[in-house]
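Visitor: Before I ask anything, let me first share the structure, which is written out below as structure tokens.
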Amino acid sequence: MDTRLCTSACATAITFLLITTTSAQISDSPYVSNGSLTFQNRTFYLDGNPLHILSGSLHYFRVVPEYWWDRMRKMKACGLNTLTLYAPWNQHEPYPGSYNFKGILNLRRFINMAQRAGLYVIFRPGPYICSEWDFGGLPAWLLRDPDMKVRTNYHGYQSHVRRYFSRLIAEVSDLQYHRGGPIIAVQVENEFGSYSNDTKHLLFLKQILEENGIHELFFTSDGFYNYTEGLNGLDNAPFYTEALPTVNFQDIAQGEELFRKVEALSDDFPLMVTEYWSGWFDYWGGSHHTQSLNDFGSTLTAILNRSASINFYMFHGGTNFGFMSGANWDFEKNTLKTDVTSYDYDALLTEAGDITEKYRIARQIIHENIHGMPGREIPYDTPKEDFGYAGRVHIKHYMPLENILKIAQRIRMNKTVPMELIPLHPVDNDSFSGQMYGYILYRANITHGDNLTFTDFPRDRIEVFVDGNSVAILEGMVDNVNVNISLGQYSGAFPRERVLDILVENRGRVNFGIFGASVLDEQLKGLDNNCFLDGEVLDDVDIYPLEFDEDFYKRLKNQTEWESYNKQRDLPGFYRGHMFIAYTPLDSYLNMKGWTKGFVYVNGVNLGRYWNKGPQQTLFVPGPYLRQGFNEIIIFEQHMSHNRVIFQETYILDELDEENT
């Protein structure tokens, strides 16, 4: 999704690659649409009538289905006529050949609902979507192939993409405009020019889409990925002979440069901002990002004055439920920046779907410049609730890590292995898909050793325990880091045996790769045979995949080995409390102040991660995730616990804890 500016550290390498590589020449003539949506003289036409596309991005997989209609009604009331959406491959095909299009992933229902709301649909199927989503929407099981090269013509990648697209497009092919549906345009890949200049790969993807019945207008979207060096995806991967080039930006100065590049390609190409970044995303330990209302209004006005079509990215961000938030690699600090759970994005609607001042400004500008009169009334926001005294949930039960491991599967290996490569989730008789998300614990019984060394340090966060006592917490990217585990040598005929545990948290895979400095193929999580005890490879390891998925929760719910909670703990464990609601529940926010780091189940739904570093301090709890009667709240806390959590009606997305940043 959003283009990142490459750091100065990789700019030289990128420039060199641009000089020494060339793009495939596919055709000589600018693209002409054969779909229902056509263009001429910089104007879109649909059914022979001019169409000014006014769109907003809304992701079904970030919003509970019960609220899809509310968000679409607000989109329509803002003056928009189109909805733009991504499809996350890693959710639709969680394991090879196993597909999910139900519930919050019911893509077909979402698109049909958009049509009933009076909205056209722009479909961005990927297979890579970025979107601050884990691995940019790519399934992590791709990485089981040691030769995998994603977003390329590598045969292993292509074969999986071909199979997935055949299933994905079957869900939507009859929803294209020429067949009576709302889909008027389909994107080929996503910001590909910031990643590669191999336009043959784009042609491969377009051909697959066509083979599976896609007939509507094709387009690409690109922006600057290093504005200082003048590097942009339009120049790097020109595909304008096969698809309409569109642009992404937030700053109008950059936008004007990109507009001029599109205009130079053809006299007919209409201007389209596929991603006007109405805000920005947040990462743990960083400030909450906002865009000033003056800048927002002036840029929107400038775009419309250019007669350009526009898509607000995001119109409504929603929530990265579960472990789906992605990450970016900081090349200067050599560390992972992981995205927060909220995808509020400072968008036109808040994370909970509430109207903002930015929404009102956009609505006014759109009607003044396009429609010429006020639109339909703005729908009411969904009410919020703090549930009064009942909303102060006291922790009653505790389950230590040792008991949690009894619920998990144990896998015996002769070395430490990344989570994606462990034999978990059989696909057929002789292969597995491995572990995708959550945590993974490596355990070894040792009788000697002083120094634990990690080489090729994992791009994640690890905690080391000896006999259940925490001895080190490590995060960042540090090669050959040593941890003194203070075992020493023991006299006597029988050396004392101790338990060494290494808990690794998958904090999210990188979702964006820069041309010439990509890390997308290096997203294995956990320990990759890179752990040594006094110089010897750590072997004879028990591995516990802690996916904390739906199946795990079912086992957890049936457990009787809960202890009474009577004091704060400072070790990993589950904490449980209950809340009684006497009426139909409303939306709320769970205040996690006083807790340290972990995630929260509410009635079996993983709301997402929390971390006291901030800036996010509350987790959004949609009313449909609650129920009338007793509600169960289970918290996985990695460090220091608290004795309660509080449901409240306001959110906190902008509060940094300086001590923990």
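The values are calculated or read from the model by the stated rules, or taken from the named source; none is laboratory data. Here the structure is a predicted model, which means the values were calculated and not measured. Cβ placement follows ideal geometry from the backbone for every residue including glycine, while neighbour counts extend to all protein chains displayed. Note: areas computed on protein heavy atoms with side chains; ligands, DNA, RNA excluded. Shrake-Rupley method; radii C 1.70, N 1.55, O 1.52, S 1.80 Å.
Visitor: Condition first: within 18 Å of residue 393 (Cα to Cα), among the polar types (S, T, N, Q) and either open to solvent by less than 90 Å² (accessible area, probe 1.4 Å) or in contact (Cβ under 8 Å) with a residue 24 or more places away in the chain (or both). Now tell me which residues in the stretch 547-583 satisfy that. Working first, answer last.
Guide: Taking the stretch 547-583 and keeping what is within 18 Å of residue 393 (Cα to Cα), we get 562-569, 573-583.
Among the residues that remain, those that are also among the polar types (S, T, N, Q) are: 564, 566, 568.
Hits for the stretch 547-583 are 564, 568.
Visitor: Another question, if that's okay. Looking only at the stretch 363-391, filter to residues that are within 17 Å of residue 310 (Cα to Cα) and out of contact with any helix residue (DSSP H, G or I) (no Cβ under 6 Å at 6 or more places or on another chain); which one of those is least open to solvent (accessible area, probe 1.4 Å)? Even if it seems obvious, please write down each step before you answer.
Guide: Our first condition is that a residue be within 17 Å of residue 310 (Cα to Cα); within the stretch 363-391, this holds for 363-371.
After this cut, where a residue has to be out of contact with any helix residue (DSSP H, G or I) (no Cβ under 6 Å at 6 or more places or on another chain) as well, the list is 363-364, 366-368, 370-371.
On the way: 363: 47, 364: 104, 366: 2, 367: 22, 368: 124, 370: 59, 371: 81 Å².
So the residue we want is 366.
Visitor: Could you tell me which of the residues 501, 528 is surrounded by fewer than 22 Cβ atoms within 10 Å (Cβ to Cβ) and touching a residue at least 60 places away in the same chain (Cβ under 8 Å)?
Guide: On the way: 501 fails: surrounded by fewer than 22 Cβ atoms within 10 Å (Cβ to Cβ).
Result: 528 is the single residue among 501, 528 that is surrounded by fewer than 22 Cβ atoms within 10 Å (Cβ to Cβ) and touching a residue at least 60 places away in the same chain (Cβ under 8 Å).
Visitor: Okay, next question. Residues in the stretch 314-352 that are β-branched (Val, Ile, Thr), in a loop (DSSP other than H, G, I, E, B) and surrounded by fewer than 24 Cβ atoms within 10 Å (Cβ to Cβ): how many? Before you say what the answer is, go through the steps one by one.
Guide: The first filter runs over the stretch 314-352 and keeps only residues β-branched (Val, Ile, Thr), leaving 319, 335, 338, 340-341, 350.
Then drop every residue that is not in a loop (DSSP other than H, G, I, E, B), which leaves 340-341, 350.
Now drop any that are not surrounded by fewer than 24 Cβ atoms within 10 Å (Cβ to Cβ), which leaves 350.
Total satisfying the criteria: 1.
Visitor: Here's a follow-up. I'm checking my understanding of the structure. Among residues of the stretch 414-469 that are in contact with a Gly (Cβ under 6 Å, 6 or more places away or on another chain) and open to solvent by less than 50 Å² (accessible area, probe 1.4 Å), which one is farthest from residue 519 (Cα to Cα)? Walk me through how you get there before you give the answer.
Guide: Residues of the stretch 414-469 in contact with a Gly (Cβ under 6 Å, 6 or more places away or on another chain): 418-422, 424, 440.
Narrowing the set further to residues that are open to solvent by less than 50 Å² (accessible area, probe 1.4 Å) leaves 418-420, 422, 424, 440.
Values: 418: 16, 419: 18, 420: 16, 422: 22, 424: 25, 440: 22 Å.
Taking the candidates together, the pick is 424.
Visitor: Going by what's in this entry, would residue 225 be described as over 29 Å from residue 277 (Cα atoms) and open to solvent by less than 10 Å² (accessible area, probe 1.4 Å)? Quick ask: steps written out before the conclusion?
Guide: Values: over 29 Å from residue 277 (Cα atoms): no; open to solvent by less than 10 Å² (accessible area, probe 1.4 Å): yes.
No; evaluated as a whole, the condition is false for this residue.
Visitor: Turning to a different aspect of this structure: Looking only at the stretch 176-203, filter to residues that are touching a residue at least 60 places away in the same chain (Cβ under 8 Å) and open to solvent by 10 Å² or more (accessible area, probe 1.4 Å); which one of those is nearest to the chain's Cα centre (by Cα)?
Guide: Residue satisfying both the conditions and the ranking: 195.
Visitor: How many residues, within the stretch 586-641, are among the aliphatic types (A, V, I, L, M) and more than 17 Å from residue 396 (Cβ to Cβ)? If you could, list the steps in order and put the result at the bottom.
Guide: Step one: filter the stretch 586-641 for residues among the aliphatic types (A, V, I, L, M), giving 586, 590, 592, 600, 602, 605, 607, 619, 621, 626, 633-635, 640.
From what's left, more than 17 Å from residue 396 (Cβ to Cβ): 586, 592, 605, 607, 619, 621, 626, 640.
Adding up the residues that qualify gives 8.
Visitor: Go through the stretch 144-156 residue by residue and tally those that are in contact with an Asp or Glu (Cβ under 8 Å, 6 or more places away or on another chain) and open to solvent by less than 50 Å² (accessible area, probe 1.4 Å). Step through it out loud before you land on a result.
Guide: At the first step, the residues of the stretch 144-156 found to be in contact with an Asp or Glu (Cβ under 8 Å, 6 or more places away or on another chain) are 144, 148-154, 156.
Filter again for open to solvent by less than 50 Å² (accessible area, probe 1.4 Å), leaving 148, 150-152, 154, 156.
Matching residues across the stretch 144-156 total 6.
Visitor: State the number of residues belonging to the stretch 584-595 that are surrounded by fewer than 18 Cβ atoms within 10 Å (Cβ to Cβ) and either of a type in the set (Val, Ile, Thr) or under 25 Å from the mean Cα position of the chain (by Cα) (or both).
Guide: 2
Visitor: Another question about this same structure. Within the stretch 617-632, how many residues turn out to be among the polar types (S, T, N, Q), under 17 Å from residue 595 (Cβ atoms) and open to solvent by less than 10 Å² (accessible area, probe 1.4 Å)?
Guide: Restricting attention to the stretch 617-632, the residues satisfying the condition of being among the polar types (S, T, N, Q) are 617-618, 628, 631.
From what's left, under 17 Å from residue 595 (Cβ atoms): 617-618.
This time we only want the ones that are open to solvent by less than 10 Å² (accessible area, probe 1.4 Å), so: 618.
The total comes to 1.
Visitor: Continuing with this model, one more query. Regarding residue 380, is this residue part of a helix (DSSP H, G or I), at pLDDT 95 or above and aromatic (Phe, Trp, Tyr)? Outline the logic, then answer.
Guide: On the way: part of a helix (DSSP H, G or I): no; at pLDDT 95 or above: yes; aromatic (Phe, Trp, Tyr): yes.
When the stated conditions are applied, residue 380 does not pass them.
Visitor: If you don't mind, there's one more thing I want to ask. Go through the stretch 105-149 and give me each residue that's part of a loop (DSSP other than H, G, I, E, B), closer than 30 Å to residue 178 by Cβ and without any contact (Cβ under 8 Å) to a residue 60 or more places away in the chain.
Guide: 106, 117, 118, listed by residue number.
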